[in-house]
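One structure below.
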Amino acid sequence: MRYTRSYRWKYVIATVAVAGLWGWPSAGEAQSVTGQARAVQATVLGMTNALADTGTLGGTSDAREASQITGSVPSLLTGEVFHATTIGWPDQVASETSLGNLALSIAGNGISADLVMARALSVVGSAGTGQTDIAGLTVGGVPVFPTGAANQTLSLGALSVVLNEQIPLAGGIIVNALHIRTLDGLTDVVIGSAKAGITPF
């Protein structure tokens with residue numbers, strides 16, 4: 001079952017408590033915000049599927065959440081407990097996404113993880129920050145231990161795997177916990193994507 005919700009300011013406190021996001025907002029001037037979180041985005045042969053996608057924030061007083069108990073992209077991946085949250089305040093944006101029991105098969109390689117999580121935070125006047133947590137990761141049956149460094153890359157023949165991918169954007173950052181793609185460009189999968197940005201009008 002799939003749920004997607006949009007909240008207004010009076011629900012933000014409850015959403016923050018559930019999502020476990022950083023910080024607490026303070027008053028500030030009007031800003032332009034960018035916020036989105038999704039558990040999975042998979043593009044295969046030009047067709048894109050997304051699981052637990054919040055959509056984009058509507059403003060500085062918006063909060064969005066999406067969740068699924070289980071989900072799959074046929075012939076590609078399965079997972080459980082998909083969750084995504086993005087919240088805007090007048091002076092910051094925070095986004096978070098997670099899923100468990102990931103099982104992925106791509107270009108003849110099996111990739112699995114017990115937990116995949118990504119977080120992104122943008123505060124007015126500072127660069128966006130992000131972090132990922134990946135537990136129990138195996139690639140081709142071999143355990144992989146994330147270093148914590150941004151953009152840790154593994155090359156497996158026709159496959160590229162990037163851990164803790166961090167992409168700067170105006171006033172913020174995009175954090176992808178896992179970004180897996182085939183070198184021929186036919187398959188591109190992002191597991192755990194969090195985007196947060198805030199800039200003055």
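The label-point distance for residue 183 and residue 70, in a model that sets each label 7 Å from Cα toward Cβ, rounds to 3.7 nm. Residues 61, 98, ranked from the fewest to the most other C-beta atoms within 10 Å, line up as 61, 98.
Mean-square fluctuations from a GNM of the chain, with a 10 angstrom spring cutoff on Cα atoms, peak among 154, 102, 57 at 154.
The label point for residue 149 and the one for residue 201, both projected 7 Å from the Cα toward the Cβ, are 4.4 nm apart.
For segment 59-74, the Karplus equation 6.51 cos²θ - 1.76 cosθ + 1.60, evaluated at θ = phi - 60°, returns couplings of x, 6, 10, 9, 9, 10, 9, 9, 8, 9, 5, 9, x, 7, 10, x Hz by residue, with Gly and Pro reported as x. Rounded to the nearest Hz, the phi-derived 3J(HN,Hα) couplings of segment 36-41 under the Karplus curve 6.51 cos²θ - 1.76 cosθ + 1.60 (θ = phi - 60°) are 6, 9, 8, 6, 9, 9, where x marks glycine and proline. Note on the chain: GNM, Cα springs under 10 Å; of 85, 129, 54, the largest mean-square fluctuation is that of 129. With all distinct Cα pairs included, what does the Kirkwood hydrodynamic radius of the chain come out to in Å, to one decimal, could you say? After inverting the mean inverse Cα-Cα distance, the result is 16.8 Å.
Add +1 for every Lys or Arg and -1 for every Asp or Glu among the other residues with Cβ under 10 Å from the Cβ of residue 35, and state the total. Walk me through the numbers on the way to the answer.
Numbers: positive: 64, 195; negative: 62.
My count for the surroundings of residue 35 gives +1.
The helix-only estimate of mean residue ellipticity at 222 nm for the chain, built from DSSP H runs of length n ≥ 4 each weighted as -39500 (n - 2.57), is -1000 deg cm²/dmol after division by the residue total. Name all residues of segment 161-187 having a backbone nitrogen under 18 Å from the label point set 7 Å from the Cα of residue 127 along its Cα→Cβ direction, giving them as ranges. So the set is 164-176.
Ranked by Cβ crowding within 10 angstrom, fewest neighbours first, how are 99, 156, 77, 186 ordered?
In order of increasing Cβ crowding within 10 Å: 186, 156, 77, 99.
In order along segment 123-139, the Karplus-derived 3J(HN,Hα) couplings, from 6.51 cos²θ - 1.76 cosθ + 1.60 at θ = phi - 60°, round to 10, 3, x, 9, 5, x, 10, x, 8, 10, 10, 10, 10, x, 6, 10, 10 Hz, and Gly and Pro are given as x.
At a threshold of 8 angstrom on Cα-Cα distance, excluding pairs fewer than six apart, so keeping six or more, what relative contact order does segment 2-200 reach in percent? Kindly include the intermediate steps, with their values, before the conclusion.
Details: 613 pairs, mean separation 42.6, N = 199.
This gives 21 percent for segment 2-200.
Each value in this text was obtained by applying a stated rule to the coordinates, not by laboratory testing. These numbers come from a predicted model, not from an experiment. Because the Cβ atoms are built from the backbone with ideal geometry, glycine has one as well, and the counts that use them run over all protein chains shown.
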